[in-house]
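What follows is a single structure, written as structure tokens, with notes after it.
The values are calculated or read from the model by the stated rules, or taken from the named source; none is laboratory data. Values in this document were obtained by computation on a predicted structure and should not be read as measured data. Every residue, glycine among them, receives a Cβ derived from its backbone with ideal geometry; neighbour counts consider all protein chains shown.
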Amino acid sequence: MNWQPLTDLAQLDTIDAVSAERPILLFKHSTRCSISSAALARLERGTDAERLRPAYYLDLLRHRDISNAIEERYGITHASPQVLVISNGSCTFHASHFGIVFDDVAAALEGHQ
């Protein structure tokens, strides 16, 4: 899986703009959390992980400010781990912890959720 690091608040504007053309996946990850590592592994082991692209990876321990901005911008309470699908500048799907399932995320990106 080819994750794009989410390291700058300005990237959220880019994500919103691109999401007008296709849904974008955001994965909020805590590198110290085994549940978060398991969720990341489930996404990366998916039968066709390339279906999840474009995908952004947020290291919560390094960029909590961006996580806070995501919560404010999209109105989704913070969790870790957490996935959000952004389409037309809005969050159209989100899941956290053991609710992060490859097929559900892929379906949300394809507009079937």
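Show the residue pairs that are 6+ apart or on different chains and have beta-carbon atoms under 7 Å apart, the first residue being within region 98-111 and closer than 15 Å to ALA38 by Cα, the second being of a type outside the set (A, V, I, L, M, F, W, C) and modelled with pLDDT of 95 or more.
ILE100/PRO81
Just a yes or no: is a residue in region 70-81 modelled with pLDDT of 95 or more, within 11 Å of the chain's Cα centre (by Cα) and farther than 19 Å from THR7 by Cβ?
For region 70-81, residues modelled with pLDDT of 95 or more, within 11 Å of the chain's Cα centre (by Cα) and farther than 19 Å from THR7 by Cβ: absent.
May I ask you to verify whether LEU12 is crowded, with 19+ Cβ neighbours inside 10 Å, in a helix (DSSP H, G or I) and touching a residue at least 40 places away in the same chain (Cβ under 8 Å)?
yes
Do we find a residue being buried (at least 17 other Cβ atoms within 10 Å of the Cβ), out of contact with any helix residue (DSSP H, G or I) (no Cβ under 7 Å at 6 or more places or on another chain) and in a loop (DSSP other than H, G, I, E, B) anywhere in region 17-25?
Yes: region 17-25 contains one or more residues that are buried (at least 17 other Cβ atoms within 10 Å of the Cβ), out of contact with any helix residue (DSSP H, G or I) (no Cβ under 7 Å at 6 or more places or on another chain) and in a loop (DSSP other than H, G, I, E, B).
Whether any residue in region 50-68 is closer than 14 Å to PHE102 by Cα, in contact with a His (Cβ under 8 Å, 6 or more places away or on another chain), among the small types (Gly, Ala, Ser) and not in a loop (DSSP other than H, G, I, E, B) is what I want to check.
no
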